[in-house]
1. Answer yes if at least one residue in the range 33-42 is within 18 Å of Ala429 (Cβ to Cβ), touching a strand residue (DSSP E or B) at 6+ places or on another chain (Cβ under 6 Å) and either part of a helix (DSSP H, G or I) or not basic (Lys, Arg) (or both), and no otherwise.
2. For the range 273-319, which positions are in a helix (DSSP H, G or I), of a type in the set (Gly, Ala, Ser) and within 22 Å of Pro341 (Cβ to Cβ)?
3. Could you grab me the full set of residues in the range 126-165 that are over 22 Å from Ala240 (Cβ atoms), in contact (Cβ under 8 Å) with a residue 24 or more places away in the chain and among the polar types (S, T, N, Q)?
4. Among the residues of the range 152-170, write down those that are out of contact with any helix residue (DSSP H, G or I) (no Cβ under 6 Å at 6 or more places or on another chain) and either among the β-branched types (Val, Ile, Thr) or outside any helix (DSSP H, G or I) (or both).
5. Residue check, Leu17 against (1) assigned to a helix (DSSP H, G or I); (2) touching a Ser or Thr at 6+ places or on another chain (Cβ under 7 Å), all met but one. Which one?
6. Residues of the range 171-189 being of a type in the set (Asp, Glu) and either under 25 Å from the mean Cα position of the chain (by Cα) or not in a helix (DSSP H, G or I) (or both), which ones?
7. Would you mind stating whether Ser42 is of a type in the set (Gly, Ala, Ser) and surrounded by fewer than 19 Cβ atoms within 10 Å (Cβ to Cβ)?
8. Mind telling me which of the residues Asp362, Asp377 ends up being crowded, with 16+ Cβ neighbours inside 10 Å, under 27 Å from Asp107 (Cα atoms) and among the charged types (D, E, K, R)?
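The values are calculated or read from the model by the stated rules, or taken from the named source; none is laboratory data. Given the structure is predicted, the values throughout are model-derived calculations rather than measurements. Here the Cβ positions follow ideal geometry from the backbone for every residue, glycine too, while neighbour counts run over all protein chains shown.
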Amino acid sequence: MYYIGVDLGTSSVKLVLMKDNGEITKVVSKEYDLFFPKTGWSEQNPVDWYRQSVAGIKELISDIKNEEVAGISFGGQMHGLVILDSDDEVLRPAILWNDGRTGEECDYLNNVIGREKISRYTANMALTGFTAPKLLWVKKHEPDIFNRIAKIMLPKDYLAYRFTGVHCTDVSDASGMLLFDVEHKCWSDEMIEIVGIQKNQLANIYESYEVVGTLTSTAAEELGLTTEVKVIAGAGDNAAGAIGTGTIEHGMCSVSLGTSGTVFIASDNFAVDENNALHSFAHANGKYHFLGCMLCAASANKWWMEDVLKTKEFAKEQQEIGELGENEVYFLPYLMGERTPHNDPSARGAFVGMSMNTTRGDMTLAVLEGVTYALRDAVEIARSFGVTVERVRLIGGGAKSDLWCKLVANILDVTVEKLACEEGPGYGAAMLAAVGCGAYATVSEAADKLIRVTDTIHQEPALVEKYNKKYEVFRELYPALKPVYRML
């Protein structure tokens, strides 16, 4: 049998066709428009997601029999606000995760209601990307639309609704709405009251691997599939990606060196960082995870190479780098502000420690080291909870650099593992579909049987010791520069 994983991203939907044995037989991508009505706003039309997903799935299954498809599941961009009226029609364009219009609403939640209360109710603090502040914005600026809301959904859950007719969400994606009691995995009555909505406007909650329904006759006909196909709840993109890397057991960690950088740490137990620097979310395996997000990771290196050095020869530039652990130049990678651990949109990038002896290679290395130090910030918060992080599964464009892999191993003091498959959320979604259809008894069993490590990079004790000392210097730089950022 085959399973379809739908990775609903910000610029495109990627669809993965997976066999029982985990083999990916086909991948299809379909793009859709992204709209910026005003500076800092970011919106999409949910109907575009559905149309392109339908077109992509039809292409995906063109070489197999439709009765061979057993299940569909999702990994989706998180936090986006999708609102439907009483006829299940979309009321307005979806307000996306990277939309920044809700600064006043976040200030209200964090400072008037109080960050401690919000954290007690949801395990997190209000950020501009989250869903609850978006609802408050609609309530204030579009009251006619707010009063017509019948259902509040997340992006991937709109697809699940169009496929099944069921208003559903999963625990991992709901965790990022600031409406969800993460510890008890239920909607927060307190947040519902604060935002001014009704509980029946929210979707039914499922674990990520649970079946929410089967394809309706309309959806089956449009997709070219049968009404026997099961639809499984799926997960937010980070949790789905973690399933796709096998980051499931307590203390396992995956690091993405993509445009942004994420640190995902699986945990058997619920816990909250008292400063809310790490997100505390439910995981797609029925347990929990911590998530740290930095806004510039591989994009910081791309900026340095292409915009400053005017080269695309990334590997050649890295060949000019000298001995590791000796660099006196530090780089703060806050080119777009920062989330974890500072939550400071005014933060900016900086080189510190340059001298007349500083070389081009020193500065290139400083960029790679600076991003990796910032990733360590998130790991250290989890370690402060007593979570032991010893292995990291590294994904994203930066993972292609042997040098960067070595830096991650030694700066984070972990063993780095590289994987055979890097399809991320789409692969994780297909795995969740297989679990929901009974091909595997649990998410852990699926990961054990399907995820394959192809390379391992071990840390070097002497280099770890050098980088521990340098990391302590790095930690002093942001507090020292914070007043300057405010002046800028």
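1. Taking every residue of the range 33-42 in turn, none turns out to be within 18 Å of Ala429 (Cβ to Cβ), touching a strand residue (DSSP E or B) at 6+ places or on another chain (Cβ under 6 Å) and either part of a helix (DSSP H, G or I) or not basic (Lys, Arg) (or both).
2. Of the range 273-319, the ones in a helix (DSSP H, G or I) are 298-308, 314-319.
Of the ones still in play, those that are also of a type in the set (Gly, Ala, Ser) are 298-300, 315.
Correct list: Ala298, Ser299, Ala300.
3. Passing the criteria: only Thr128.
4. Met153, Thr164, Gly165, Val166, Asp170
5. The single condition Leu17 does not satisfy is (1).
6. Asp173, Asp181, Glu183
7. No, not satisfied.
8. Values: Asp362 fails: under 27 Å from Asp107 (Cα atoms).
Being crowded, with 16+ Cβ neighbours inside 10 Å, under 27 Å from Asp107 (Cα atoms) and among the charged types (D, E, K, R) holds for just one of Asp362, Asp377, which is Asp377.
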